[in-house]
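Report on the following structure.
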Amino acid sequence: MTDVYTIRTGRESKVGSIGGELKVAKTTIPAASLRTLAATHYEVAPAPGPGRTLIFQGGFMALDYGSITFDDAAGDGNLTLYYTDGSGVAVSEEAEADALIDATTDTMLTLEPIDNGAYVPAVNAPFVLGNTADEFTGSTADSNLQVTIWYLDVPTGL
């Protein structure tokens, strides 16, 4: 389940003046879903509705270590935020999963907006977190991943 909070801005805010909102979404991805994150991306912010788009601003991931670790082997992927699913446009840089996923203590890592310039925003599409390569292994691993992102929810006029 994803909790979404709207951050109220003053009337002088440029975002507010176009009918947009700055939002924060917090999601916990359970261990079972982390094991299948390459094949099945996990929704971390819901679709905003017709005629609106989400623009990623930043975030962080926190591994809530349980008692049994995942194995982030060399072939395992990194974590990236996309629109829709694996076929959607990437909106974040790849976050190096090594030392996060296989940590043996609670650990945090930032999630940064994409650095290569512009991308085409998707209308009425959710943000999902995905693994860029092979699945993380550890059939009994029990750590959950808390993902917190902040983003703009703005009208597109489309």
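Overview of results
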quantity	calculated
Total residues in region 82-94, condition assigned to a loop (DSSP other than H, G, I, E, B) and within 25 Å of residue 71 (Cα to Cα)	4
Residue that is surrounded by the most Cβ atoms within 10 Å (Cβ to Cβ), among those in region 79-103 that are modelled with pLDDT of 90 or more and over 17 Å from residue 46 (Cα atoms)	79
Subset of region 113-134 [assigned to a loop (DSSP other than H, G, I, E, B) and in contact (Cβ under 8 Å) with a residue 12 or more places away in the chain]	114, 115, 119, 120, 121, 122, 124, 125, 126, 132, 133
Unmet requirement for residue 72, which otherwise passes all of (1) under 15 Å from residue 34 (Cβ atoms); (2) at pLDDT 90 or above	(2)
Conditions (1) closer than 16 Å to residue 124 by Cβ; (2) touching a residue at least 24 places away in the same chain (Cβ under 8 Å); (3) in a loop (DSSP other than H, G, I, E, B): number failed by residue 97	(1)
In region 34-47, the residues that are surrounded by fewer than 22 Cβ atoms within 10 Å (Cβ to Cβ) and part of a loop (DSSP other than H, G, I, E, B)	35, 36, 38, 39, 40, 46, 47
Those residues of region 58-75 which are exposed (fewer than 15 other Cβ atoms within 10 Å of the Cβ) and farther than 10 Å from residue 143 by Cα, in sequence order	58, 71, 73, 74, 75
Lone qualifier among 110, 104 - being polar (S, T, N, Q), free of Cβ contacts under 8 Å to residues at least 40 places away in the same chain and either assigned to a strand (DSSP E or B) or touching a Phe, Trp or Tyr at 6+ places or on another chain (Cβ under 9 Å) (or both)	104
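The values are calculated or read from the model by the stated rules, or taken from the named source; none is laboratory data. Small disclaimer: the values here were computed from a predicted structure and weren't measured. Every residue, glycine among them, receives a Cβ derived from its backbone with ideal geometry; neighbour counts consider all protein chains shown.
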